[in-house]
Amino acid sequence: MKKKIVILGPAHPLRGGGITTFNERLAYQFQEEGHDVTIYSFSLQYPSFLFPGKSQYTDEPAPKGLRILSKVNSINPINWFRVGNELRKLRPDHIVVRFWLPFMGPSLGTILRQVKKNGHTRIVSIVDNIIPHEKRLGDKVFSKYFINSIHHCVVMSKRVGEDLKTFVQDQSIRFVPHPLYDNYGEILPKEQARSFLKLQEGAKYILFFGFIRKYKGLDLLYRAMGDERVKALGVRLLVAGEYYVDANEYSKIAVEEGIVEQLDLHTHFISNERVKHYFSASDLVVQPYKTATQSGISQLAYHFEKPMLVTRVGGLPEIVNHGESGYVVPTDSSSIADAIVDYYEHQREADFIEGVKENKKRFSWSHLSGALLGHDPS
């Protein structure tokens, strides 16, 4: 049966990284299933003091075939009531709202309280984080205010589900694994991708991809790169993503470890059309996170059929099968180095790629869309 669905969360022209792309891909999934979909995005997502990057906006073209309305101002209470009343009168059958940061709790929670007054719309939230990686005053109050405005929750990490249990009252919680990011283009031949990026031919390349933040553990990976065994193997590290922290901290570690010549730093925002080159060029995708819930980087690696090395934090071990599609290791540089050495010394790439191909079958968009609309996701 055709449903009227609103996705409430960031979308083009915002440059929100994985969440923006996720929302747009989900909209396509609902449309493929025959539903009427509108994305209500932000006219202002973050005040400048809360945004650590260079720009909140992209100059890439808008995704084709999607209806995106930039309506929500995260810091204007008058706007929250106006958008809430607009959605109340629109009477969508379902609102799917993203929640990834307590700061968004007041705006989204107020909007949804207005919507609920129509007695018709079912509101389900995809909760990415309920306890943020980088804590601020008021987090718990803002998160609880938001949770009390919705009917149901879907989580993509069992760890988030456990955290969420301390916040919910009557809301149900469903777990669905993060679907594959299959909208970044095709897999390229490795040497073609390396040529495009002007990387060394025939070298051993591991990849760190995404915004650089403290909790993502790039410092641990730098220390691992300084391991003499890793150096002896000639492993190079390709870092692709914009700094959201002081770059000098990492530069100092690179000098201390003597790895400056082993690094290929592409520390700028990576546009969607360039993502395929970075994953296709790499042998192994490394996520040395210190804390985590789920991560879209793993789903990118699955799409591009790349083995992964992740740390044993949050939901990452739920996604990577140790010894089949990659490694799950403790959160320390020596363990990360051990895995890198094992990967190259024992030539694991071919076997792990087969494991990735087999395991990627678990992550479908129809599984998620069914859960969001109330179908049994099992």
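On the given criteria, is Val72 among the β-branched types (Val, Ile, Thr) and under 19 Å from Pro10 (Cα atoms)? Before you say what the answer is, go through the steps one by one.
Working: among the β-branched types (Val, Ile, Thr): yes; under 19 Å from Pro10 (Cα atoms): yes.
Answer is yes for this residue.
Select from the stretch 81-115 the residues that are β-branched (Val, Ile, Thr) and in a helix (DSSP H, G or I) and write down the one among them that is surrounded by the fewest Cβ atoms within 10 Å (Cβ to Cβ).
Going through the stretch 81-115, the residues β-branched (Val, Ile, Thr) turn out to be 83, 95-97, 110-111, 115.
Now narrow it down to the ones that are in a helix (DSSP H, G or I): 83, 110-111, 115.
Values: Val83: 24, Thr110: 18, Ile111: 27, Val115: 26.
Within the stretch 81-115, the match that is surrounded by the fewest Cβ atoms within 10 Å (Cβ to Cβ) is Thr110.
Of everything listed in (1) assigned by TED's automatic domain parsing to the domain that holds Val124; (2) touching a helix residue (DSSP H, G or I) at 6+ places or on another chain (Cβ under 6 Å), the single unmet condition for Met308 is (1).
Quick one: in the stretch 136-189, which of the residues that are polar (S, T, N, Q) and part of a loop (DSSP other than H, G, I, E, B) is farthest from Asn118 (Cα to Cα)?
So in the stretch 136-189, the residues polar (S, T, N, Q) come out as 143, 148-149, 157, 166, 169, 171-172, 183.
With part of a loop (DSSP other than H, G, I, E, B) added as a condition, the list becomes 148-149, 157, 166, 169, 171, 183.
Numbers: Asn148: 16, Ser149: 13, Ser157: 32, Thr166: 28, Gln169: 21, Gln171: 19, Asn183: 35 Å.
Top of the filtered list is Asn183.
Just a yes or no: is a residue in the stretch 232-244 among the basic types (Lys, Arg), closer than 18 Å to Ala337 by Cα and within 18 Å of the chain's Cα centre (by Cα)?
Step one: of the stretch 232-244, the residues among the basic types (Lys, Arg) are 236.
Checking which are closer than 18 Å to Ala337 by Cα leaves us with 236.
Subsequent filtering for residues that are within 18 Å of the chain's Cα centre (by Cα) retains none.
No.
Could you list all residues from the stretch 255-274 that are over 16 Å from Ser334 (Cα atoms), hydrophobic (A, V, I, L, M, F, W, C) and surrounded by 14 or more Cβ atoms within 10 Å (Cβ to Cβ)? Selection gives Leu263, Leu265, Phe269, Ile270.
Among the residues of the stretch 293-320, those identified as in contact with a strand residue (DSSP E or B) (Cβ under 8 Å, 6 or more places away or on another chain) and farther than 16 Å from Met156 by Cα are Ala301, Lys306, Pro307, Met308, Leu309, Val310, Thr311, Arg312. The number of residues in the stretch 311-359 being of a type in the set (Ser, Thr, Tyr) and out of contact with any helix residue (DSSP H, G or I) (no Cβ under 8 Å at 6 or more places or on another chain) comes to 1.
If you scan the stretch 344-366, which residues turn out to be in a helix (DSSP H, G or I), within 20 Å of the chain's Cα centre (by Cα) and buried (at least 16 other Cβ atoms within 10 Å of the Cβ)? Answer for the stretch 344-366, where residues must be in a helix (DSSP H, G or I), within 20 Å of the chain's Cα centre (by Cα) and buried (at least 16 other Cβ atoms within 10 Å of the Cβ): Val356, Asn359, Lys360, Trp365.
Annotation: Ala203 fulfils all but one of (1) surrounded by fewer than 20 Cβ atoms within 10 Å (Cβ to Cβ); (2) within 30 Å of Lys276 (Cβ to Cβ); (3) in contact (Cβ under 8 Å) with a residue 40 or more places away in the chain; (4) in contact with a strand residue (DSSP E or B) (Cβ under 6 Å, 6 or more places away or on another chain); the unmet one is (3).
Among the candidates Val341, Val328, Val310, which residue alone is outside any strand (DSSP E or B), modelled with pLDDT of 95 or more and more than 30 Å from Glu60 (Cα to Cα)? If you could, list the steps in order and put the result at the bottom.
Numbers: Val328 fails: outside any strand (DSSP E or B); Val310 fails: outside any strand (DSSP E or B).
Only one candidate passes the filter, namely Val341.
Would you call Asp283 surrounded by fewer than 19 Cβ atoms within 10 Å (Cβ to Cβ) and of a type in the set (D, E, K, R)? Show your work before the answer.
Details: surrounded by fewer than 19 Cβ atoms within 10 Å (Cβ to Cβ): no; of a type in the set (D, E, K, R): yes.
No.
Residues that are surrounded by fewer than 23 Cβ atoms within 10 Å (Cβ to Cβ), hydrophobic (A, V, I, L, M, F, W, C) and touching a Gly at 6+ places or on another chain (Cβ under 9 Å) were ranked within the stretch 3-45; the one that is farthest from Trp100 (Cα to Cα) is Phe42.
The set of residues from the stretch 299-334 being under 15 Å from Met225 (Cβ atoms) and surrounded by fewer than 19 Cβ atoms within 10 Å (Cβ to Cβ) comprises Asp332, Ser334. Quick check: is even one residue across the stretch 319-336 closer than 25 Å to Val176 by Cα and under 16 Å from the mean Cα position of the chain (by Cα)? Yes, because at least one residue in the stretch 319-336 is closer than 25 Å to Val176 by Cα and under 16 Å from the mean Cα position of the chain (by Cα).
Mind checking whether some residue in the stretch 315-322 is within 18 Å of Leu218 (Cβ to Cβ) and either in contact with a Lys or Arg (Cβ under 6 Å, 6 or more places away or on another chain) or touching a residue at least 24 places away in the same chain (Cβ under 8 Å) (or both)? Scanning the stretch 315-322 turns up at least one residue that is within 18 Å of Leu218 (Cβ to Cβ) and either in contact with a Lys or Arg (Cβ under 6 Å, 6 or more places away or on another chain) or touching a residue at least 24 places away in the same chain (Cβ under 8 Å) (or both). Within the stretch 149-166, the residues that satisfy the criterion of being touching a helix residue (DSSP H, G or I) at 6+ places or on another chain (Cβ under 7 Å) and either among the charged types (D, E, K, R) or modelled with pLDDT of 90 or more (or both) are Ser149, Ile150, Cys153, Val154, Val155, Lys158. Can you work out which of the residues in the stretch 116-141 that are buried (at least 16 other Cβ atoms within 10 Å of the Cβ) and either in contact with a Cys (Cβ under 6 Å, 6 or more places away or on another chain) or among the charged types (D, E, K, R) (or both) is farthest from Lys290 (Cα to Cα)? Across the stretch 116-141, the extreme among qualifying residues is Lys116. Within the stretch 1-40, the set of residues being of a type in the set (Gly, Ala, Ser) and either within 22 Å of the chain's Cα centre (by Cα) or not in a loop (DSSP other than H, G, I, E, B) (or both) comprises Gly9, Ala11, Gly16, Gly17, Gly18, Ala27.
Does the stretch 257-264 contain at least one residue that is polar (S, T, N, Q), closer than 24 Å to Ile353 by Cα and over 18 Å from the mean Cα position of the chain (by Cα)? No: zero hits.
The values are calculated or read from the model by the stated rules, or taken from the named source; none is laboratory data. Here the structure is a predicted model, which means the values were calculated and not measured. Glycine gets a Cβ as well: all are built from the backbone with ideal geometry, and neighbour counts include every protein chain shown.
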